[in-house]
1. Yes or no: the range 131-149 includes at least one residue that is closer than 30 Å to Leu278 by Cα and outside any helix (DSSP H, G or I).
2. Considering Leu92, Leu133, Leu144, which residue is surrounded by fewer than 20 Cβ atoms within 10 Å (Cβ to Cβ), more than 19 Å from Pro209 (Cα to Cα) and modelled with pLDDT of 95 or more?
3. Which of the residues that make up the range 105-117 are buried (at least 17 other Cβ atoms within 10 Å of the Cβ) and either under 20 Å from Leu4 (Cβ atoms) or modelled with pLDDT under 90 (or both)?
4. Within the range 206-257, can you find the residues that are within 23 Å of the chain's Cα centre (by Cα) and among the basic types (Lys, Arg)?
5. Any residue in the range 1-25 that's within 13 Å of Pro194 (Cα to Cα) and touching a residue at least 12 places away in the same chain (Cβ under 8 Å): show its pairings with residues that are crowded, with 17+ Cβ neighbours inside 10 Å and of a type in the set (Asp, Glu) at Cβ separation under 7 Å, as long as the two are six or more apart or on different chains.
6. Going by what's in this entry, would Trp190 be described as under 16 Å from Ala229 (Cα atoms) and hydrophobic (A, V, I, L, M, F, W, C)?
Amino acid sequence: MRVLILGVLGQDGSYLAEQLCAGGHEVFGLTRRLNGKSPANLLHGDLLDQHSLERALVVADPDVVFNVAAVTSPGGSWGSVDPPLMLEVTGLGVVRLVSAMVRCRSMAKLVHASSSAVLEPDRYGLYGAAKRLAHDTVIGHRGLLWSSNAILFSHTSPRKDMRFLDRKICITLARGGILTMTDLSPKRDWGYAPDYCEALQAIAAAPEPGDWVVATGVQRSVGDLVQAALDATGRGWDSVQLVDGPRFPDEIRTDGMPSARDLGWAPRTSFEAMVRELVEVA
């Protein structure tokens, strides 16, 4: 199978490329940085440039396109400062991608990394709006393309940006710092990124396109994450300082929605093992 991955040098893209190459597939990756390290054949291109997308599709001639590229904003909400080009890349970039696929590779399958943010986009500011636009674009082109959304819930690994909460907690405690927190009660469904990349492949192999939730099915609080990190470091709660600050809602539940589990996928890495790895590499 020939595969094209957009976002190949990011957390999800790098694991996905490694897994697919190990499985004997011919893998191409689109990137703005050709000096990056990847087992994939790197092609220069950008979600901002439809011509580069079309060139990559012609060269790679893929059977499956995985889009895991996006500009993200840790803790972003309306009124917060957003990274440059978030809407242009995360939202409109997918519009360009599907247009390029219709023109150049309409027989290829598309698996787009959507997000739990699309289920309540008002909470996530411009990021939520951009991901919702991309998600709906994939659905809207289903008459022209085999196109699926993977609705990815919170997932992490040592390759995740260190600005995100799960990495910050583990790094601070592993390096002997004092962790300052405002709210330990919010619940998230945290999963392990390599497991979720296996789910993307299960979605690509589905008999029909659709919108599939990728989640562990277990919600844990921020306090649970802190406790697991403390256990992994051998430190105690005297390493945690609680201060006044904003409180955050729980991540939405998806009971009854179509899931990658319906396709035979299941996460293989426990919450505790995932947190231990985050601590060990900090």
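1. Scanning the range 131-149 turns up at least one residue that is closer than 30 Å to Leu278 by Cα and outside any helix (DSSP H, G or I).
2. After applying the criteria, what remains is Leu92.
3. Arg105, Ala108, Lys109, Leu110, Val111, His112, Ala113, Ser114, listed by residue number.
4. Passing the criteria: Arg220, Arg253.
5. Going by the 7 Å Cβ cut-off, the qualifying pairs are Gln19/Glu198.
6. When the stated conditions are applied, Trp190 passes them.
Let's see how each residue does on (1) within 26 Å of Asp12 (Cα to Cα); (2) surrounded by fewer than 20 Cβ atoms within 10 Å (Cβ to Cβ); (3) touching a His at 6+ places or on another chain (Cβ under 6 Å); (4) among the charged types (D, E, K, R):
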position: Leu184; (1), (2), (3), (4): no, yes, no, no
position: Tyr192; (1), (2), (3), (4): yes, no, no, no
position: Cys197; (1), (2), (3), (4): yes, no, no, no
position: Ser221; (1), (2), (3), (4): yes, yes, no, no
position: Leu225; (1), (2), (3), (4): yes, no, no, no
position: Ala229; (1), (2), (3), (4): yes, no, no, no
position: Arg235; (1), (2), (3), (4): no, yes, no, yes
position: Pro258; (1), (2), (3), (4): yes, yes, no, no
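To keep it simple, each residue is scored yes or no on (1) at positive phi; (2) modelled with pLDDT under 95; (3) touching a helix residue (DSSP H, G or I) at 6+ places or on another chain (Cβ under 9 Å); (4) assigned to a helix (DSSP H, G or I).
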| site | (1), (2), (3), (4) |
| --- | --- |
| Val3 | no, no, yes, no |
| Leu16 | no, no, yes, yes |
| Gly29 | no, no, yes, no |
| Asn35 | no, yes, no, no |
| Ser38 | no, no, yes, no |
| Asp46 | no, yes, yes, no |
| Arg55 | no, no, yes, yes |
| Val59 | no, no, no, yes |
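The values are calculated or read from the model by the stated rules, or taken from the named source; none is laboratory data. Since the model is a prediction, treat every value here as computed from it, not as a measurement. With ideal geometry, Cβ positions are generated from the backbone for all residues, glycine too; neighbour counts draw on all protein chains shown.
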